[in-house]
Amino acid sequence: MEKPKIREVIVVEGRYDKNTLSQIVDASIIELGGFGIFNDRERTALLRRLAETRGIILFTDSDGAGFVIRNHLKGAIQSGRVLHAYIPDVYGKERRKRTAGKEGKLGVEGMRPEVLLDALCTAGATFEGEEKTVKGKSVTHADLFDLGLIGPGSRTKRAALLRALALPEHLSTAALLDVLGALTTREELTALCTGL
């Protein structure tokens, strides 16, 4: 079976994440070396150039450390095309490890291929040979408030939505808006929230 080809450069935390993704997609994949990216000016400059020329997809783990790295890069790369791919919170441990990570969640390397491909599609990756579709009205901050997903007493409903969409619990409001913009329309989200 031929691997789907992705235009953007995929940015992952480490080599095991890179190995896993390279078995699933045909794409340029750059590993960050975990927290090493915080002091790596050359690699950060490279990521800025790639965001401007080809676009990048940040694909970090769904644990707290993954979000720290993602947020650092989000602040360091202010222009260009930066997409965010998220994996769901799945508890367990990778095969190569003796014990689970600090939060007990699987990382990119531990996800099934179909979960990773779905995350890339949801992020808005450009797959060679496929056309983009235009969605209806996108979700706004006000929509989240009206639906009870942000504001007083929203924690339970928001957690239920994140679980229903297989998104990580650490997702900020801004990141949630980005994901919902790629995933759903205002009307679809309203329908989904009535069932929560």
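None of the figures in this text is laboratory data; all of them are computed from the coordinates on show. The structure presented is a predicted model; accordingly, all values stated were derived computationally and were not measured. When we count neighbours, we look across all protein chains shown, and the Cβ atoms used for this are built from the backbone with ideal geometry, even at glycine.
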**Inter-residue pairs, beta-carbon under 6 Å, first without any contact (Cβ under 8 Å) to a residue 12 or more places away in the chain and over 15 Å from residue 85 (Cβ atoms) and in the stretch 149-176, second aromatic (Phe, Trp, Tyr) and surrounded by 16 or more Cβ atoms within 10 Å (Cβ to Cβ), 6+ apart** = none
**Message:** Here are the criteria: (1) part of a helix (DSSP H, G or I); (2) touching a strand residue (DSSP E or B) at 6+ places or on another chain (Cβ under 7 Å). Tell me which single one residue 125 does not satisfy.
**Reply:** (1)
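Conditions (1) in contact (Cβ under 8 Å) with a residue 12 or more places away in the chain; (2) among the charged types (D, E, K, R); (3) within 21 Å of residue 171 (Cα to Cα); (4) not in a strand (DSSP E or B), marked per residue:
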{"position": "1", "(1), (2), (3), (4)": "no, no, no, yes"}
{"position": "20", "(1), (2), (3), (4)": "yes, no, no, yes"}
{"position": "52", "(1), (2), (3), (4)": "yes, yes, no, yes"}
{"position": "61", "(1), (2), (3), (4)": "yes, yes, yes, yes"}
{"position": "67", "(1), (2), (3), (4)": "yes, no, yes, yes"}
{"position": "75", "(1), (2), (3), (4)": "no, no, yes, yes"}
{"position": "80", "(1), (2), (3), (4)": "yes, no, no, yes"}
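Okay, residues lined up against (1) out of contact with any Leu (no Cβ under 6 Å at 6 or more places or on another chain); (2) of a type in the set (Gly, Ala, Ser); (3) outside any helix (DSSP H, G or I); (4) within 17 Å of residue 67 (Cβ to Cβ):
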| site | (1), (2), (3), (4) |
| --- | --- |
| 157 | no, no, no, no |
| 160 | no, yes, no, no |
| 163 | yes, no, no, no |
| 167 | yes, no, yes, yes |
| 174 | yes, yes, no, yes |
| 187 | yes, no, no, no |
| 193 | no, no, no, no |
**Message:** I'd like to know if the stretch 2-10 contains one or more residues that are closer than 19 Å to residue 72 by Cα and in contact with a Leu (Cβ under 7 Å, 6 or more places away or on another chain).
**Reply:** yes
**Hits in the stretch 3-25 - residues which are charged (D, E, K, R) and touching an Asp or Glu at 6+ places or on another chain (Cβ under 8 Å)** = 3, 5, 7, 13, 15, 17, 18
**So residue 95, is it surrounded by fewer than 13 Cβ atoms within 10 Å (Cβ to Cβ) and either free of Cβ contacts under 8 Å to residues at least 40 places away in the same chain or touching a Cys at 6+ places or on another chain (Cβ under 7 Å) (or both)** = yes
